[in-house]
Structure formats: C-alpha cells, structure tokens
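Trainee: Would you mind keeping the following structure in view while I ask a few things?
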Amino acid sequence: DTGVSQNPRHKITKRGQNVTFRCDPISEHNRLYWYRQTLGQGPEFLTYFQNEAQLEKSRLLSDRFSAERPKGSFSTLEIQRTEQGDSAMYLCASSLTSGGAWEQFFGPGTRLTVL
Amino acid sequence: AQSVTQLGSHVSVSEGALVLLRCNYSSSVPPYLFWYVQYPNQGLQLLLKYTTGATLVKGINGFEAEFKKSETSFHLTKPSAHMSDAAEYFCAVSGPNTGNQFYFGTGTSLTVIP
C-alpha cells in the first residue's frame, strides 16, 4: 500500500494559463475526492467520483474546473484560464465504500500558485 | 446541514501539559466524527475516528477523543504534549446522510512550548 499520491507537488503558473493535476488513489479504493484548501482554512469539498462516475460537484467548482477519472483509477483535475484566486492547496483523497465509516485517506496535495 | 466548529484557531501548551482541542458539530442524525492532523506542506493524516460503539476512542500518538451526543462535541485530548505534536488539527464530520461527504472545521494550530 503506497498511499495516495499527487503530482506535481508544486505548480507555479501565470494567470490565464491552464494547469492539470493528477491523483493516484489507493489501488482498491473506489471513491476519489478532490478538495481545495486555502491558508487558515479546512479543506473544502470540490467533487467526488465513485469508480469512473462523477457523482457530485460543489458550487465551488466553476466552469473553469473539470475533473475526470476515466478508468476508475487515477484522476485529473484541470483548471482553465487560471486566476489568482485559484491559488491554493489541492488535496485528493480516496476511500473504500464497503464497511466502516468510509474513512478518507489523503494525498500530500498539490500547491498551486498563480502569479 | 452538517457543520463543524473548532473553538480556538490557535492553542499553545507547554511540553508535558495536557492538550485539549475543541470540536462541536451540528447534525440531525448521529454522525461519523474524525480528527486529522496536518504537518506543514503535507496532506492530512487520520488521528482517530468515531463511528458507533464506545464513545471514547483512542488514536495514534497518544491522542483520544470522546463523543458526547448531549453536548454535540468530539474534543481531542492528549495527556502530555510533545514537541512533535505541533501541527494543524482538523475535526471533520461525515455520515450516511451526507452522502459520506466530509465537512471540515477551520482547524486549530497547536504550538508546543519547550
């Protein structure tokens, strides 16, 4: 079990550019979540997948944001036409929806800085 | 709707002293409750969780928390603080009625004074 991994760990981009982040969940986990965390705040839910289906999206997820999980394994989060307000830590988590409280395991995050 | 309130955005304790981090939740049904710890520039690590059963739960690194339904609280404690406990701590609530979405508090930054 290698845990949840995210790449890149850091991304600096200029306003208006597109960026894409990748998340590799724990291999047997069927649910995958994306969160955004700004300084001094707790993680805020963005969206989640069960297998390859995107089941819910937060109102925080503007039209510039899109997420995919094409084969029910890794996921990508793309932000188009980045804005300075997009600067944040983007966290990915995964869980297994059988038994228990569906505990979420978090990756190390991708820190995005938009200049 | 679910919400989590963490009283005290910053808590300072002396090394060896009791750690108490407060968490209150609002939920129409008994929730699942979690405490996570986050070290700088890292993701969140689960400390402990309450789902059902015993209301006093023990976690890693000597932390424990007690679910008190009457007070809608899930405060985190550790009898003796260690320098390595300095971090950001987040309380979270989830449950079947939330679609198992996690709702996080705004966090409490713990400083341990040598």
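Trainee: I want to check the label-to-label distance for B:Ser26 and B:Glu71. Put each point 7 Å from Cα in the C-beta direction and report it in nm to one decimal.
Mentor: With each label placed 7 Å out from Cα toward Cβ, I get 2.0 nm.
Trainee: The range A:74-115: which residues show an accessible-area loss of 30 Å² or more, assembly versus chain alone, 1.4 Å probe?
Mentor: A:Ala101, A:Trp102, A:Glu103, A:Gln104, A:Phe106
Trainee: How big is the range B:1-91 by Rg and Dmax over its Cα atoms, in Å?
Mentor: Just the Cα atoms of the range B:1-91 yield Rg and Dmax of 12.9, 38 Å.
Trainee: Using a 1.4 Å probe, what is the accessible area per residue for the range A:5-47, in Å²?
Mentor: 51 Å²
Trainee: Which whole number gives the average count of other chain Cβ atoms within 10 Å of the Cβ atoms across peptide B:43-55?
Mentor: 3
Trainee: Using a cut-off of 28 Å between alpha-carbon atoms, which lysines can reach A:Lys57, once sequence neighbours fewer than 8 places away in the same chain are excluded?
Mentor: A:Lys11, A:Lys14, A:Lys71, B:Lys49
Trainee: Still on this structure, I have one more. Per residue, what accessible area does chain B have, given a 1.4 Å probe and all protein chains present, in Å²? Before the final figure, lay out the partial values.
Mentor: Numbers: 5140 Å² over 114 residues.
Counting only protein heavy atoms, the per-residue value for chain B is 45 Å².
Trainee: Ignoring ligands, DNA and RNA, what percent of the 1.4 Å accessible area of chain B is carbon and sulfur?
Mentor: Carbon plus sulfur share of accessible area: 54 percent.
Trainee: Now for a different question. Quote the total accessible area buried by chains B and A together, excluding ligands, DNA and RNA, probe 1.4 Å, nearest 100 Å².
Mentor: On the way: alone 5980 and 6580 Å², together 10910 Å².
Answer for the B-A pair: about 1700 Å² buried.
Trainee: Right, another one. Run the numbers on the range B:7-114 and let me know its relative contact order in percent, using alpha-carbon pairs under 8 Å that are six or more apart.
Mentor: Values: 242 pairs, mean separation 39.7, N = 108.
Rounded, it is 37 percent for the range B:7-114.
The values are calculated or read from the model by the stated rules, or taken from the named source; none is laboratory data. Since the structure is predicted, the reported quantities are computational estimates derived from the model, not experimental observations. For neighbour counting, all protein chains shown are included, and Cβ atoms are generated from backbone atoms with ideal geometry for every residue, glycine included. With ligands, DNA and RNA removed, areas are computed over all heavy atoms of the protein, side chains included. Shrake-Rupley method; radii C 1.70, N 1.55, O 1.52, S 1.80 Å.
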